[in-house]
Amino acid sequence: MTHPTAAPGRTRVTDAGKTTRSGQPTGTATGTEAATEPGADTTPGAATAPGRAAPATPAGPVYWLEHAWLGTYVEPGVAVGVTDGRITDVRTGVMTPPPGATALRGLTLPGLANAHSHAFHRALRGTVQVGSGTFWTWREIMYGIAAKLTPDSYYTLARAVYAEMALAGITAVGEFHYLHHTPDGAPYDRPNAMGEALIAAAAEAGIRITLLDTAYLSSGITKRRGGAPPDRHQLRFSDGTATAWAERASDLASAHKDSAHARIGAAIHSVRAVPAEQLSTVADWAEAHRAPLHVHLSEQTAENDACLDVHGRTPTRLLADHGVLGARTTGVHNTHLTDEDIALLGAARTGTCMCPTTERDLADGIGPAARLQRAGSPLSLGSDSHAVIDILEEARAMELDERLSTRARGHWTAAALLRAATADGHAALGWHEAGRIERGALADLATIALDSVRTAGTLTRLGAETAVFAASAADVRHTVVAGREIVRDGVHALVPDVPKALAESIAALRG
């Protein structure tokens, strides 16, 4: 099949007072300021402005957006031309669909980025919510599903999960992947068979993937060099050493260096799972490959307590001392942080991926997202355990959880929350050229219905507020990736019956 196009590029639309993934200060809060391809004209309607040469006719499809969110405002009647998977023309003031254009009625956003996913956790939905317990008891149930997966069954499940994401307007996923080997820890004949299954699944579901190949070497923090050995559930996660992990990850990265829809990043599962003396090996690999580096950070207080007991410092300080923090690094959760931790993450421009639906499902706590962003940490969003797959709900929950925590409203504008769900989410995954509707950007779009029971009666000029505070994944009508329609009128073009695909793949694991 034809994979989504993913040639590199650099564009950014930002607001005053915010920090981008690159750590550079942003522009004004009104209008649009963007760094684009050299010589590009970003003036709204520039393609038809008097005295300006019209751009070349797009070689690919043209989409007519009934209403489009252009980073800081909603514009009615926008025509978007696509060539080779990129936006090559954006014309405003086009109040009816041009001849031959595909109409996207509703509010069109840049495609959404799901910056943190464990695809196999989708099989737990509706079962781990029975009774009470903690993160640690939930983990035991999760291990049971992890033990049953093979490359074939993981492909089948992930294809369905990624198709569900496409139905939710998600055009790129960051897959935090650590199911590397057979259940007894022996490598497959093809050592990256499980990772390859995920990459193929994303292609078949029509979305982009950053496979965050994860180092998971130990079961806990101990004074013993190398940490506690993996337990029987974790054998398939471990490469033995960070050096062995890096060799396998390098093979995967080499195999996909020219991939159109997939990029390879790195992850440190946590300071529990990678011994302190091996953290720098993973960080050095990510630096050498200029790859995103993600890490579960201070999700649980028990992790903090063990790190303080053994190392005399917090997990954040431990990561900082071993060269892990930086602008290409994202801490996932960042829940239980000290003031010094927040300052360290902000100063390093290390990102924060919040996963509110999972964090509340597992009773993790509410992380200091607003303080982190003020300190300089860009925010992204993820559905993590897939209790639900709805990035709009993650954006809404980040604001509403902060309201509960502080008893005050309005910590982020709707535009800022959408930026976390789009441009900054993509940047956290290494897709810096995605997440905006502008020339040079990847042609990835998600259209929300404005006539559903949730969105009917809203003001189109307040489309960002409608998207974040009223709409849900169920309101996504169309999804476009690299200029190709993946979802049309709520139906997936490549996986026509997504509920059946999910039901069958999950039932096979339970059987």
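The values are calculated or read from the model by the stated rules, or taken from the named source; none is laboratory data. Values in this document were obtained by computation on a predicted structure and should not be read as measured data. Heads up, the Cβs are rebuilt from the backbone with ideal geometry, glycines too, and the neighbour counts pull from every protein chain shown. For accessibility, only protein heavy atoms count, side chains too; no ligands or nucleic acids. Shrake-Rupley method; radii C 1.70, N 1.55, O 1.52, S 1.80 Å.
Data for the structure
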{"quantity": "Which numbered condition ALA423 misses (of (1) open to solvent by 20 Å² or more (accessible area, probe 1.4 Å); (2) within 20 Å of the chain's Cα centre (by Cα))", "calculated": "(1)"}
{"quantity": "Helices (runs of 4 or more DSSP H) wholly inside region 115-229 that include at least 1 residues being at pLDDT 95 or above and charged (D, E, K, R)", "calculated": "151-167, 193-205"}
{"quantity": "Residue that is most open to solvent (accessible area, probe 1.4 Å), among those in region 457-511 that are among the acidic types (Asp, Glu) and under 24 Å from ALA387 (Cβ atoms)", "calculated": "GLU504"}
{"quantity": "Residue within region 345-352 that is under 20 Å from LEU124 (Cβ atoms), small (Gly, Ala, Ser) and surrounded by fewer than 23 Cβ atoms within 10 Å (Cβ to Cβ) present", "calculated": "no"}
{"quantity": "Pairs, first acidic (Asp, Glu) in region 231-249, second open to solvent by 30 Å² or more (accessible area, probe 1.4 Å), C-beta under 8 Å, six or more apart", "calculated": "ASP231/SER219"}
{"quantity": "Selection count, region 127-154, where residues are open to solvent by 70 Å² or more (accessible area, probe 1.4 Å) and under 19 Å from VAL495 (Cα atoms)", "calculated": "1"}
{"quantity": "Some residue of region 419-434 being in contact (Cβ under 8 Å) with a residue 40 or more places away in the chain, touching a strand residue (DSSP E or B) at 6+ places or on another chain (Cβ under 6 Å) and farther than 30 Å from GLU485 by Cβ", "calculated": "no"}
{"quantity": "Among the candidates ALA160, ALA172, residue that is farther than 30 Å from GLU438 by Cα, in contact with a helix residue (DSSP H, G or I) (Cβ under 7 Å, 6 or more places away or on another chain) and crowded, with 24+ Cβ neighbours inside 10 Å", "calculated": "ALA160"}
{"quantity": "Residue satisfying all of: in region 253-278; hydrophobic (A, V, I, L, M, F, W, C) and either assigned to a strand (DSSP E or B) or farther than 16 Å from ALA228 by Cβ (or both); most open to solvent (accessible area, probe 1.4 Å) among these", "calculated": "ALA255"}
